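**Student:** First the structure, which I've put down as structure tokens, then a few questions once you've had a look.
The values are calculated or read from the model by the stated rules, or taken from the named source; none is laboratory data. Just so it is clear, the model here is predicted, and its values are computed rather than measured. Note that we place each Cβ from the backbone using ideal geometry, even for glycine, and neighbour counts take in every protein chain shown. With ligands, DNA and RNA removed, areas are computed over all heavy atoms of the protein, side chains included. Shrake-Rupley method; radii C 1.70, N 1.55, O 1.52, S 1.80 Å.
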Amino acid sequence: MTSPARRAGAYAALSTLSLAVPFLGPELAAPIAVAAAALALVVTDGPLFELFAFPGDYKDGRLYSLLTFVLAISALGLLAVNWSLPMSVFVGAVLLVGYGGFAEHLARTRTDRDIVHTAAFCVVGSLAAIAGQAASYVATDTTLEGALPVLVFLAVAGTLLAALLRDVLINYDEPIVLLSVGFALWLLWALEPTVDTTGIVVALGVTLALGYVSHALGTASIAGMLTGILLALLTIVLGGYDWFAVLITFFAVGSLSTKFRYEEKASRGVAEGNDGARGSSNVLGNTAAALACVLGYAASNATLIGVDPHLFLFAFAGSVATALSDTLSSEIGAVFDNPRLITTLEPVDPGTDGGITWQGELAGIAGAGAIAGVALAVYPDLGIGGAAVIFAAGFLGMTADSLFGATLEGETIGNQSVNFLATLTGAVVGAALYLLV
């Protein structure tokens, strides 16, 4: 059986053929794709089969993994030729998956450290995507002047998403990763991000530092770290540093609260798993609504939707205020006795879904106030009234989380779904109060 690194190298070389579309045109590139698909169906053994076969292909005696990879490339290529998917995005997405995967497998031959494997994928995948996009610009006679910072942003964002998908999927499937990255980058391109060289350098420096600190302190798993870096990068580029200041307050204070009297919480059975390192599902459960608000804000600024951009600002701050409020309420309240169920006020065991303590409620109120205060500091035009809206959204979102926990969590939905519903509630309340006030 071919080594994973050699097989990944073969797929990386195959991904390079995506450059045939912008350089040779679809008429000459199409036969190449057909030949690759035919190869997957015809070859059943021998050196070529050994080179491209994944373990599952040996059972069927067909290169189905190769076929689906070629079909995924072909699907994106058709969108680039016949629809509005930029040719540069198509080529960049294919190359970042192909060469990023090759670099990851090479790293696996050198070390067992997962963080090194992830770093190799991200660095090489980003460089391949940048090179592929630039080559596509040259092939289509498009000027690169002023475009490089955006190409870097798209490359890094796509590579982070690909690395995250490869980490969280049980048996990651390259075609799924490729299509997901292609469509995500298409969306980001449509949002018309505006960033200069200094801006992208600073944004990358800040987000990578955030990732390093979260990993070094053990406050996030690799998947959680990737999710946080990606969200931070999108927030800085599409929203701005003011939005990022609000977001980083949640990440910093929330992560520290997880470590608060951790051993005591562990002995009670109410501590965050994995030594307090939050995974991607936890990060997404708390920030998915905020991410949607960032994208909505960028879409409104790009005139893709006719909505007041400030609406998304209040929704974003409301969701983040909810996330921090709920996190502090849970992490601080968990070390105190005599919790009561929010729906009946009956005493319950520590860790019971929907159980609250007065100490936890005060901590949650402080969390909502912290986000409102930071928002007021970076956006003075909000005024006291705007800060009050954000505080109210955070408090009501925290209360909704407890209500959802008491009534829905368990057999119906899990904790991360409850977190998402709560932060969504905070976002809706923030937007609604903004419209009313």
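**Student:** Filtering the stretch 143-175 down to residues that are without any contact (Cβ under 8 Å) to a residue 60 or more places away in the chain, open to solvent by less than 60 Å² (accessible area, probe 1.4 Å) and within 15 Å of GLY92 (Cα to Cα), which residue is farthest from the chain's Cα centre (by Cα)?
**Tutor:** The extreme case among them is ALA147.
**Student:** Kindly indicate whether any position in the stretch 14-35 is open to solvent by less than 30 Å² (accessible area, probe 1.4 Å), among the small types (Gly, Ala, Ser) and under 28 Å from the mean Cα position of the chain (by Cα).
**Tutor:** yes
**Student:** Within the stretch 251-282, count every residue that is open to solvent by less than 20 Å² (accessible area, probe 1.4 Å) and either aliphatic (A, V, I, L, M) or at pLDDT 75 or above (or both).
**Tutor:** Of the residues in that region, 5 qualify.
**Student:** Right, here's the next one. It is to be established whether one or more residues within the stretch 405-412 are touching a residue at least 24 places away in the same chain (Cβ under 8 Å), in a helix (DSSP H, G or I), closer than 23 Å to SER255 by Cβ and hydroxyl-bearing (Ser, Thr, Tyr).
**Tutor:** So far as the stretch 405-412 goes, no, none of its residues is touching a residue at least 24 places away in the same chain (Cβ under 8 Å), in a helix (DSSP H, G or I), closer than 23 Å to SER255 by Cβ and hydroxyl-bearing (Ser, Thr, Tyr).
**Student:** A further question follows. When you scan the stretch 1-72 for helices (runs of 4 or more DSSP H) that lie fully inside it, which ones turn up with 1 or more residues that are polar (S, T, N, Q) and touching a residue at least 24 places away in the same chain (Cβ under 8 Å)?
**Tutor:** 4-16
**Student:** Identify, please: which residue in the stretch 211-237 is open to solvent by 40 Å² or more (accessible area, probe 1.4 Å) and in a helix (DSSP H, G or I) and is, among those, farthest from VAL116 (Cα to Cα)?
**Tutor:** My answer is VAL213.
**Student:** Right, here's the next one. Name every residue in the stretch 302-326 that is open to solvent by 10 Å² or more (accessible area, probe 1.4 Å), in a helix (DSSP H, G or I) and not hydrophobic (A, V, I, L, M, F, W, C), in order of residue number.
**Tutor:** Within the stretch 302-326, PRO309, HIS310, ASP326 qualify.
**Student:** Now for a separate question. Just a yes or no: is a residue in the stretch 87-104 open to solvent by 40 Å² or more (accessible area, probe 1.4 Å), out of contact with any helix residue (DSSP H, G or I) (no Cβ under 7 Å at 6 or more places or on another chain) and either closer than 18 Å to ALA13 by Cα or modelled with pLDDT under 95 (or both)?
**Tutor:** No, every residue in the stretch 87-104 fails to be open to solvent by 40 Å² or more (accessible area, probe 1.4 Å), out of contact with any helix residue (DSSP H, G or I) (no Cβ under 7 Å at 6 or more places or on another chain) and either closer than 18 Å to ALA13 by Cα or modelled with pLDDT under 95 (or both).
**Student:** Do the conditions hold for VAL437, that is, is it at pLDDT 95 or above, open to solvent by 30 Å² or more (accessible area, probe 1.4 Å) and out of contact with any Leu (no Cβ under 7 Å at 6 or more places or on another chain)?
**Tutor:** no
**Student:** Of all residues in the stretch 332-360, which are modelled with pLDDT of 85 or more and aromatic (Phe, Trp, Tyr)?
**Tutor:** TRP358
**Student:** With respect to the numbered conditions (1) surrounded by 19 or more Cβ atoms within 10 Å (Cβ to Cβ); (2) within 16 Å of GLY430 (Cβ to Cβ), which one is the sole condition not fulfilled by ILE384?
**Tutor:** Checking ILE384 against (1) surrounded by 19 or more Cβ atoms within 10 Å (Cβ to Cβ); (2) within 16 Å of GLY430 (Cβ to Cβ), the one that fails is (1).
**Student:** Right, next: For the stretch 331-362, what are the residues that are in a loop (DSSP other than H, G, I, E, B) and small (Gly, Ala, Ser)?
**Tutor:** Residues satisfying the conditions are ALA334, GLY351, GLY354.
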